[in-house]
Amino acid sequence: MRFVKHLLLASTAGLLLVGAAQAADLPTTKAPPAPPPVNCYASFYSWLDSTATDCPLSYMGVTVYGTIDMGGGYETNASRFNDAYPNGVNELISKMSNGGRWQAVPNGLVQSNIGVKIKEQIAADWYVIGDVNAGFDPYSMMFANGPQSAVMNNYSYLYQQTANADSSRAWGWDNTRAYVGIQNTTLGTLTFGRQYAFTNDASANYDPFGGSYAFSLIGNSGTALAGTGDTETARYMTSIKYQVAYNGFRAGGLVQVGGYDADNSSKEAAQADLGFDYAGLSVDAIYAYAQDAISLGTYGSVATFGVPAGDPTDTLKATLQNISAEVIAAKYKWNALTLYGGYEHSDLSNPTDSWAAAAEAAGLFMNHLNGGYPGVIQSNAYPNDKILQVAWVGAKYGILSNLDAVAGYYYEWQNNYTGAITKYNTAYVWAAGVKPPTAAGIGCAPNPQQPGPGLAPQGSNSSQCAGSTWAVSGMLDWRPVKRVDLYAGVMYSKVTGGMASGFLQNNNVATTAGVKVSF
């Protein structure tokens, strides 16, 4: 017993000695605390080297944000700068593209913009949200306004015109979006106001260039994908939008509230979206519908200019159509590489509401989306349904953490939707054994050369004939600090057939370099 007692005492003493020895090896002071996070407002450089998410310009739930994108470039067939046109210039081949030119190129990567958004918590997992944003030209500081760019060219021959085209960007402070809503982390987001169509969201998410004006056919035109055949339907003026996501799946619905009287560009419109994310793969499928949608154009042309006699000088051509479209788009991210692709199928037809010939000749139309300009209505532009299709593929590769290489290929094509009698102007009438006559300007023969300065129109002699537009692009995007992009690239584009009808040239090489700063 005495032996056991001595053994226990010896063991206890040994453990104490070992513990004391180990304690002697321990540091006598605590480890220093981790350094505090860098104050992104400590200097201008520290602010530039932070993201808008990490260091927003916010106060009490209100955030001011925006982007300025300025650059320049050379085009082999340029369209001259227009400070009202959202793109500024057209890097994609367009009707007025003609002759080499160095010029300023605004908004090459993104539309310059400024906005105010809110996100304020009102209960556990519940938030009030809102966003108002306006796009502008960074050189002139004018609001982006596609219809205004068309009005500015009403009294110019095509070879004299500056860049212009219809756009869902019009008016002023709300030309991008303006909505309010409520958000729940589980139940989703419900918003009301002027909002992007799901197809417009897809342009930013599934285009390798993110809808860039300078390098993407999708971004440059707005008709392809975002507008599914009519750029004005890329945004709804008064609409309800609901989006929900769960366990990698998402769904959404968008419906227009009111028609022309609520300043919408169509009488009725709606879209539905289904998508998912899984193991680096993202996919969205979208259905879009619009009734009596408006598409605007200038009165300046190859051979004539000026609005019809008796109409205001700022009148525009207003073509109406019904639209039914389907879109599927996908991207896959694997390490530094992201692959992109998608397809759109749009069916455009004459509007549901018919208009008498007198109304077409003298009918005037005015709403907020077309900039408040009157329009002469054309409601029989589709003798047969126009089928517009768009396909694209692309890739983005992160060479470094702050340097990306981007490439993309785009192909857009339409069917022959001319009237039945003149649809095939080389076909024989077998009973008579002769070719039928072809009305001037309707058949799909090549457009004849015309006299006059700069007048050598391309493509078929009717825009209703089959045709295509394609583009291939490449770009490098370097971010020396987190809020600044320095980019440079090139896009080659070509147009044929009915899609080239009346064009001065049929191809363009556009080189662009610029700087984008986000805040």
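Values quoted throughout were computed directly from the atomic coordinates according to the rules given, and no laboratory measurement underlies them. Bear in mind that the values here come from a model prediction, so they are computed numbers and not experimental data. When we count neighbours, we look across all protein chains shown, and the Cβ atoms used for this are built from the backbone with ideal geometry, even at glycine.
Observations on the model:
- Listed pairs Lys119/Lys482; Lys241/Lys331; Lys333/Lys494; Lys119/Lys267; Lys267/Lys333 exceeding 28 Å between Cα atoms: Lys333/Lys494; Lys119/Lys267; Lys267/Lys333
- FRET E, pair Asn184, Met60, Förster distance 22 Å, beta-carbon r, rounded to 0.05: 0.55
- Taking every DSSP bridge with both residues inside the stretch 63-518, close to 95 percent are antiparallel.
- Summing charges over all other residues whose Cβ lies under 12 Å from the Cβ of His345, with Lys and Arg as +1 and Asp and Glu as -1, gives -4.
- Taking other residues whose beta carbon is less than 10 angstrom from the beta carbon of Met491, and scoring Lys, Arg as +1 and Asp, Glu as -1, yields -2.
- Distance between modelled label sites at Met141 and Ala272, nm, 7 Å Cα→Cβ extension: 4.8 nm
- On full extension, the segment bounded by Asn402 and Thr53 gains 123.9 nm, given 0.36 nm per residue less the C-alpha separation.
- Amide N of the stretch 134-149 lying under 16 Å from the label point, which is placed 7 angstrom from the Cα of Trp173 along Cα→Cβ: 134-136, 143-144
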